[in-house]
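Worksheet: one structure, shown below.
Each reported figure results from applying straightforward, stated rules to the coordinates on display, with no laboratory input. The structure presented is a predicted model; accordingly, all values stated were derived computationally and were not measured. So basically every Cβ, Gly included, is an ideal-geometry build from the backbone, and we count neighbours across all protein chains shown.
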């Protein structure tokens, strides 16, 4: 089928490539044309706007950094919805709040377009290997129709329920993982300051009940002082903020989540926003006066 893809940066370029390699025709757009070079070399068609990327396709996907950008790309002047034909489907692969996706879906309904939230989890490595978890909310029939395309993006594609369900699942997931990242930095700084080597701590916890996926990036991340962004701290702050805002909207107490959000904001204020989300540990290092890294021989 003919599909569109808007946003081919860190995550999007891998997902788009896997869909393209699955035998589908593709139209692409990104604010940075250079980001699409690989896809164009594989046969994708460049377009000059989100609207052009949406014209004549059966489904279109967006992978964008913030809900504000998603809404502008979808509903703004020259946006996706203005170019889509009736009966087509729009899947937002970004981490977007349910309020934003609901507003977009209302405009989509008026245009006869199915809008589904389909955020993904698994990082750039999962996007490259097509092993992402894809959490979809929206019309079940539209999900069923386009699931073969979604299966090219991830090997854990799941229908979560009505519109917004996928978004909420992703927000819950990221809140847990990112909050654990803050706790890990505190726990490791305590152990290191007492005198246990960081690598020893890592091995001890990896084999014990405190083992967590969030920690498994330590050996190639903070231990090596490497913070190249796959998932930037700015995005982490945004995602935790989506969770705490949803909690306020629902009147759900979220004291620990608010503390985690503040730690990511502290990281932004220190200039770490464009570094990997794991750079939040640098805030704890400064506060505790220790470096979370193995002893150097």
For the stretch 34-129, average projected area of the Cα convex hull in nm²: 6.4
Helix 140-150 axis, angle to the chain major axis (alpha carbon atoms, nearest 10°): 70
What is the spin-label model distance, in nm, from residue 110 to residue 158 if the labels are put 7 Å beyond Cα along the C-beta direction? 3.5
For 84, 215, ascending order of other Cβ atoms within 10 Å (fewest first) is 215, 84
Cα Rg over Rh - the stretch 169-288, Kirkwood: 0.97
Helical mean residue ellipticity (222 nm; -39500 (n - 2.57) per DSSP H run of 4+; nearest 500) of the chain: -14500 deg cm²/dmol
Calculate, for residue 103 and residue 48, the FRET efficiency according to 1/(1 + (r/R0)^6) with r their C-beta to C-beta distance and R0 25 Å; round to the nearest 0.05. 0.45
Out of 257, 165, 208, any idea which swings most in a Gaussian network model of the chain, alpha carbons joined below 10 Å? 208
Sort the stretch 2-162 into rounded, prolate or oblate with this rule: let a ≥ b ≥ c be the square roots of the eigenvalues of the Cα gyration tensor; rounded if a/c is under 1.5, and if a/c is not under 1.5, prolate when a/b is larger than b/c, oblate otherwise. rounded
Quick one: check the C-alpha center-to-center distance for the stretch 50-85 versus the stretch 104-135, whole angstrom. 12
Computed over the chain: longest principal axis from alpha-carbon atoms vs helix 165-194 long axis, angle to nearest 10 degrees, is 20
Plugging the Cβ-Cβ distance of residue 77 and residue 262 into 1/(1 + (r/R0)^6) at R0 = 45 Å yields, to the nearest 0.05, a FRET efficiency of 0.80
Point-to-point label distance, residue 31-residue 131, nm (Cα→Cβ direction, 7 Å offset): 3.2
Translational diffusion coefficient, Stokes-Einstein: compute it for the stretch 213-267 using the Kirkwood radius over C-alpha pairs as Rh, at 25 °C and 0.890 mPa s, and state it as an integer in µm² s⁻¹. 195
Starting with the fewest neighbours, write out 72, 228, 55 ranked by other beta-carbon atoms found within 10 Å of each beta-carbon. 228, 72, 55
Backbone N within the stretch 226-257 under 13 Å of label point (7 Å from residue 68 Cα along the Cβ vector): 238
For the chain, built as a Gaussian network whose Cα springs stay under 10 Å, the top-fluctuating residue of 282, 93, 64: 282
Residue order, fewest to most surrounding Cβ atoms within 10 angstrom, among 168, 136: 168, 136
Taking a label point 7 Å from the Cα of residue 252 along Cα-to-Cβ, the residues of the stretch 61-88 whose backbone nitrogen sits under 20 Å from it are 67
Nearest-ten-degree value, helix 12-21 long axis tilted from longest Cα axis of the chain: 50
Who wins for biggest fluctuation among 201, 39, 246 in a Gaussian network model of the chain, springs between alpha carbons below 10 Å? 201
Rounded to the nearest 0.05, what FRET efficiency do residue 295 and residue 269 give with R0 = 22 Å and r taken as the Cβ-Cβ distance? Could you check? 0.10
